[in-house]
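Asks: Once you've had a glance at the structure underneath, I'll fire off some questions.
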Amino acid sequence: MNPNLMQQEALTNIENIRSNGAQRALVISATGTGKTYLGAFDVKKFSPDKFLYIVHREQILDKTISSFKKILSNEPAEAFGKVSGNSKDFEGKYLFATIQTLSRDNWLERFDKDEFDYILVDETHRAGAESYKKVLNYFTPQFMLGMTATPDRMDNFNLYELFDYNIAYEIRLQKALDENMLCPFHYIGITDYEVDGQITDDTSQLNWLVSEDRVDYVIKQTEYYSYSGEALQGLIFCSRTEEAKRLAETLSLKRHPSKALTGETPQWEREKIIEELEQRKIEYIITVDVFNEGIDIPCVNQVVMLRNTQSSIVFIQQLGRGLRKSENKKYVTVIDFIGNYKNNYLIPIALVGDKSRDKNSARDDLELNEIAGISTVNFSDIAKEKIYQSINNTSLDSMKILHDDYEDLKARLGRVPFLLDFQSFGTVNSSVFIKKYRNYYQFLLKMKEEFHLTHAEEEILTFISAELTNGKRIVELLLLEEILECDGQLVKGDFIKSVREKGIFYNESVEKSVEQVMSLEFFKKANRKKYGMEQIVKDNKNIYQISEKFKNSFENNPDFKLLVLDAIKAGLENAKEYDITKPFSLYQRYSRKDVCRIIGWTEGDSSTVYGYKVKENVCPIFVTYSKSDAIEDSIKYQDKFINRDIFQWYTRHNVKINSNEMKKILNKNTTIQLFVKKNDDEGSDFYYFGEVNVVQAEQEEFQVNSDKIEPIVKVQLKLKNTVRQDKYKLFEQ
């Protein structure tokens with residue numbers, strides 16, 4: 001047996017870490033990606049005189065020993081020993097022990113501190129427990145490897161510090177699916193059982209959860225969505241021990257033989273129940289949290305979730321129970337019964353591994369139909385609406401959440417993390433910190449970190465953070481970066497040449513707009529005051545230069561320099577999401593203010609755009625697709641996609657087709673840009689759908705109220721780019 005590509009890469013990284021003198025390393029690898037074999041391959045490579053494998057559950061040991069024997073096939077059977085509640089074989093060269101047994105004084109002290117030259121700790125995120133600390137502090141191996149699928153901190157234990165911040169390899173669920181290392185899954189999110197408007201929620205009584213009507217509903221859905229393979233071999237996760245027992249009884253009576261497996265189930269019985277599922281004597285194992293990790297049942301071809309999603313970590317752990325490849329299945333069916341749970345917002349976030357803490361990203365996650373490889377995700381309309389409500393009603397950027405995210409990344413890095421770190425690791429989006437705290441400096445103060453800026457320095461940092469770090473136009477960021485690299489001044493012609501060589505969209509309008517932004521002329525007085533009034537960058541006889549105040553602070557305050565460069569770099573990282581060859585990028589989000597900046601208007605124009613505005617041969621149109629009930633009837637127009645190429649749009653009322661306003665819109669020299677958002681819950685940003693051309697305009701009348709009718713113009717707009725199917729569905733379902 002030879003290592004696969006993932007294992008080869010990981011083995012090389014581990015060896016490189018060792019060759020640099022490190023004594024510890026950590027492997028983060030999704031369930032089912034071959035961690036055990038990886039460990040065995042590295043042990044074979046290391047060739048220890050004596051080896052110790054530590055795990056938290058005896059049930060895992062026999063399969064682990066079997067895997068190691070396949071790789072270490074030249075070793076005799078007596079070289080492998082097991083130390084657990086039922087076995088005390090201390091003489092083997094390769095010992096496999098449960099932490100419960102090993103941590104007892106009478107067993108631990110049988111070993112010398114340097115007895116093992118290689119120790120491997122499985123499910124090592126548990127190493128913060130006192131039993132693990134006791135054992136790991138006792139032994140002094142030459143090398144220690146930790147392996148886990150879930151390194152995320154669930155307590156105050158710093159797993160990364162334990163392994164000296166040496167991450168040898170990391171492969172999460174989405175990457176493992178892309179690499180075809182796991183079995184694809186088809187996730188179906190459907191609404192839970194409902195009667196007379198009542199649906200399962202956080203307060204549902206046990207009798208409701210196990211009622212015959214609800215069980216019949218569950219059976220109907222599981223049979224409809226079915227499974228891959230010759231026979232059903234499923235796992236059902238529910239909320240409570242008693243619920244698991246009652247469901248098993250009821251399902252068995254309804255010809256779906258099932259057994260409950262809970263924390264109360266003894267070890268010997270757990271193994272027997274799993275064996276019955278593998279041998280198709282039962283169809284379902286019903287459990288609470290026992291199977292969140294460490295259990296290997298490759299035959300599972302259907303996973304049913306009958307409980308609230310308490311955390312993204314647990315969701316992925318439970319989903320992962322069905323993702324091991326097996327000859328009996330081509331895919332795993334995952335059926336999630338979604339009730340009125342406040343944590344519903346976690347479902348799409350967990351499925352795509354989204355840690356951005358951005359509500360727009362969470363809504364986008366909900367619209368994805370494919371995750372990775374050929375895995376698919378589908379929500380019923382009602383279930384999707386419940387998740388939408390949960391996203392809208394939840395604070396994804398609360399101080400507690402951001403504090404935990406900050407501490408997680410700080411633990412991983414072993415230092416203070418910055419905006420670019422969050423961007424690089426795909427966690428909190430920089431915009432979340434900036435919207436909530438104006439700049440990252442203010443957040444660091446909340447985290448009790450020692451950074452010091454003057455009021456004037458913070459004004460400059462706030463400008464860069466609030467106006468440029470979103471990356472929606474890269475030119476200002478590059479201008480600042482290059483000026484700071486050139487000691488505060490830059491020849492204008494050199495900068496223009498540099499921008500054009502990079503293929504960035506740039507013309508006289510962009511040049512004028514950038515200079516207005518960097519001199520603060522773009523902004524209204526209130527914002528100019530917030531940013532310090534003084535120009536950030538000015539054009540002095542074709543030389544761009546930063547203000548003296550900016551230059552002095554940048555040269556003399558290392559905290560200011562660090563935070564400014566971080567904000568710029570985070571912005572450049574954000575800019576990678578946009579098409580730099582065009583002013584706007586299809587299907588990215590823009591606010592009215594963003595649009596005015598990019599097309600070269602002033603901030604003042606954004607407050608008068610409302611639904612649209614024509615100026616300087618440009619007409620941006622902003623449409624809120626689903627009008628709120630709170631909106632006056634006088635502005636509830638039937639703006640909508642007719643198909644993926646035609647958008648029906650109405651002007652404001654009291655507009656005639658022969659008015660000056662309409663003449664400007666109908667002028668062939670006018671560039672019309674279409675921006676649409678689903679509803680007002682999505683905040684101030686609109687998706688960009690590209691340029692449109694008027695193909696038809698008709699005069700109509702609009703009923704303002706019961707006794708007033710005013711003229712209005714209905715316009716058919718043809719999109720230059722046929723709308724992408726997923727974005728079309730977002731608005732048309």
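Please treat every number below as a calculation from the coordinates, not as lab data. Just so we're clear, the structure is a prediction, and the values are computed from it rather than from any experiment. Reconstructed Cβ throughout: ideal geometry from the backbone, glycine too, with neighbour counts over all protein chains shown.
Asks: Round to the nearest 10 and give me the degree value, 0 to 90, for the angle of helix 267-278's Cα axis relative to the longest principal axis of the chain.
Replies: That works out to roughly 70 degrees.
Asks: Helix 212-225 sits at what angle to the longest principal axis of the chain, using alpha carbons and giving 0 to 90 degrees rounded to 10?
Replies: On a 0 to 90 degree scale, this one is about 80.
Asks: For a test of understanding, tell me how many lysine pairs in the range 148-281 have Cα atoms under 29 Å apart, given they are 8 or more places apart or on different chains.
Replies: For the range 148-281, the number of qualifying lysine pairs is 14.
Asks: Continuing with the same structure: What is the range 589-732 by shape, rounded, prolate or oblate, if you read a ≥ b ≥ c off the alpha carbon gyration tensor as root eigenvalues and call it rounded for a/c under 1.5, prolate for a/b larger than b/c, and oblate otherwise? Mind showing how you got there, number by number?
Replies: Values: a/c = 1.25, a/b = 1.12, b/c = 1.11.
Here the range 589-732 falls in the rounded category.
Asks: Please list the non-local residues whose amide H lies under 5 Å from the amide H of GLU170, H modeled 1.01 Å from N, same-chain partners needing a gap of 5 or more.
Replies: Here the answer is ILE28, since their amide H atoms fall under 5 Å of that of GLU170.
Asks: Just report the Cα centroid separation between the range 700-733 and the range 203-224, whole Å.
Replies: A separation of 43 Å, based on Cα centres.
Asks: Which residue, ALA383, THR469, GLN279, has the largest displacement toward the positive end of the dipole of the chain when charges sit on each Cβ (Lys, Arg +1; Asp, Glu -1)?
Replies: In the chain, that residue is THR469.
Asks: Can you sort PHE554, PHE116 so the residue with the fewest Cβ neighbours within 10 Å comes first? Display every interim value, and only then the final one.
Replies: Details: PHE554 20, PHE116 23.
With the sparsest Cβ surroundings first, the list reads PHE554, PHE116.
Asks: If you place +1 on the Cβ of every Lys and Arg and -1 on the Cβ of every Asp and Glu, how big does the dipole about the Cα centre of the range 185-393 come out, in debye to the nearest 20? If you can, show how the numbers build up before the last one.
Replies: Details: 25 positive and 33 negative charges, 60 e Å.
Charge dipole of the range 185-393: 280 debye, to the nearest 20.
Asks: Under a point-charge model restricted to the Cβ atoms of Lys and Arg (+1) and Asp and Glu (-1), what is the dipole moment magnitude of the chain relative to its Cα centre, in debye to the nearest 20? Don't jump to the answer; show the numbers that get you there.
Replies: Values: 100 positive and 113 negative charges, 274 e Å.
The dipole magnitude comes to about 1320 debye.
Asks: Where in the range 5-92 are there GluC sites (Glu not before Pro) that are in a DSSP coil and have at most 15 other Cβ atoms within 10 angstrom of their Cβ?
Replies: On the way: sites: GLU9, GLU15, GLU58, GLU78, GLU91; in loops: GLU91.
Loop-located and lightly packed - GLU91.
Asks: Using a ≥ b ≥ c from the Cα gyration tensor of the range 5-171 (square roots of the eigenvalues), is it rounded, prolate or oblate, where a/c under 1.5 gives rounded and otherwise the larger of a/b and b/c decides, a/b for prolate?
Replies: On the way: a/c = 1.43, a/b = 1.13, b/c = 1.26.
Judged from the Cα gyration tensor, the range 5-171 comes out rounded (a/c under 1.5).
Asks: Take the alpha carbon gyration tensor of the chain, find the square roots of its eigenvalues, order them as a ≥ b ≥ c, and report rounded if a/c is under 1.5; if not, report prolate when a/b exceeds b/c, else oblate.
Replies: Values: a/c = 2.60, a/b = 1.47, b/c = 1.77.
Oblate, because a/c is 1.5 or more while a/b does not exceed b/c.
Asks: Taking other Cβ within 10 Å of each residue's Cβ, how do THR12, THR602, THR651 sort, fewest first?
Replies: On the way: THR12 12, THR602 17, THR651 24.
Fewest-to-most Cβ neighbours within 10 Å comes out as THR12, THR602, THR651.
Asks: If every alpha-carbon in the range 185-393 counts as one equal scatterer, what log10 I(q)/I(0) does Debye give at q = 0.13, 0.14 1/Å?
Replies: Those come out to -0.69, -0.80, one per q.
Asks: By average Cβ neighbour count within 10 Å, what is the ranking of 19-27, 238-246 from highest down? Could you put the intermediate results ahead of the total?
Replies: On the way: 19-27: 16.9, 238-246: 19.3.
Averaged packing, sorted descending, gives the order 238-246, 19-27.
Asks: Just for the range 5-171, what percent of DSSP beta bridges are antiparallel, to the closest 5?
Replies: Values: 2 of 28 bridges.
Bridges in the range 5-171 that DSSP calls antiparallel: roughly 5 percent.
Asks: Turning to a different aspect of this structure: Using the count of nearby Cβ atoms within 10 Å as a rough guide to exposure, how do LYS355, LYS720 rank from fewest to most? Provide the component values of the computation, followed by the final result.
Replies: Working: LYS355 21, LYS720 13.
Ascending Cβ contact count within 10 Å gives the list LYS720, LYS355.
Asks: I want the local charge near GLU485. Using Cβ-Cβ distances under 14 Å, sum +1 for each Lys or Arg and -1 for each Asp or Glu among the other residues. Present the calculation step by step, with values, prior to reporting the outcome.
Replies: Details: positive: LYS551, LYS561, LYS569; negative: GLU481, GLU482, ASP487, ASP494, GLU555.
So the surrounding residues net to -2.
Asks: A further question on this structure: May I ask you to list the aspartates and glutamates whose Cα is less than 12 Å away from that of LYS524, ignoring any residue fewer than eight positions away on the same chain?
Replies: Once the sequence-local aspartates and glutamates are set aside, what remains near LYS524 is GLU603, ASP605.
Asks: Let me ask you something else. Sum up the charges of everything whose Cβ sits under 10 Å from the Cβ of ALA10, counting Lys and Arg as +1 and Asp and Glu as -1, but leave ALA10 out.
Replies: On the way: positive: LYS35; negative: GLU9, GLU15, ASP42, GLU170.
Here the count lands on -3.
Asks: To continue, here is another question. If I fit a long axis through the Cα atoms of helix 5-19 and take the longest principal axis of the Cα atoms of the chain, what angle between them do I get, 0 to 90°, rounded to 10?
Replies: 80
Asks: A 20 angstrom limit on the alpha carbon distance is what I want to check against. Which of LYS497/LYS582; LYS640/LYS727; LYS35/LYS70; LYS44/LYS133; LYS551/LYS593 exceed it? Don't skip to the answer; put the middle values down first.
Replies: Values: LYS497/LYS582 17 Å; LYS640/LYS727 13 Å; LYS35/LYS70 14 Å; LYS44/LYS133 26 Å; LYS551/LYS593 28 Å.
Too far apart for the 20 Å limit: LYS44/LYS133; LYS551/LYS593.
Asks: If you add up the charges near VAL655, with Lys and Arg at +1 and Asp and Glu at -1, over every other residue whose beta carbon is less than 14 angstrom from its beta carbon, what do you get? Working shown, then result.
Replies: On the way: positive: LYS613, ARG652, LYS656, LYS663, LYS664, LYS714; negative: GLU661, GLU698, GLU700, GLU701, GLU710.
Every neighbour counted, the sum reads +1.
Asks: Shifting gears a bit: Which of the pairs LYS386/LYS656; LYS538/LYS678; LYS88/LYS134; LYS538/LYS677 have their Cα atoms more than 30 Å apart in this structure?
Replies: Working: LYS386/LYS656 42 Å; LYS538/LYS678 40 Å; LYS88/LYS134 20 Å; LYS538/LYS677 36 Å.
Cα-Cα > 30 Å for LYS386/LYS656; LYS538/LYS678; LYS538/LYS677; rest within.
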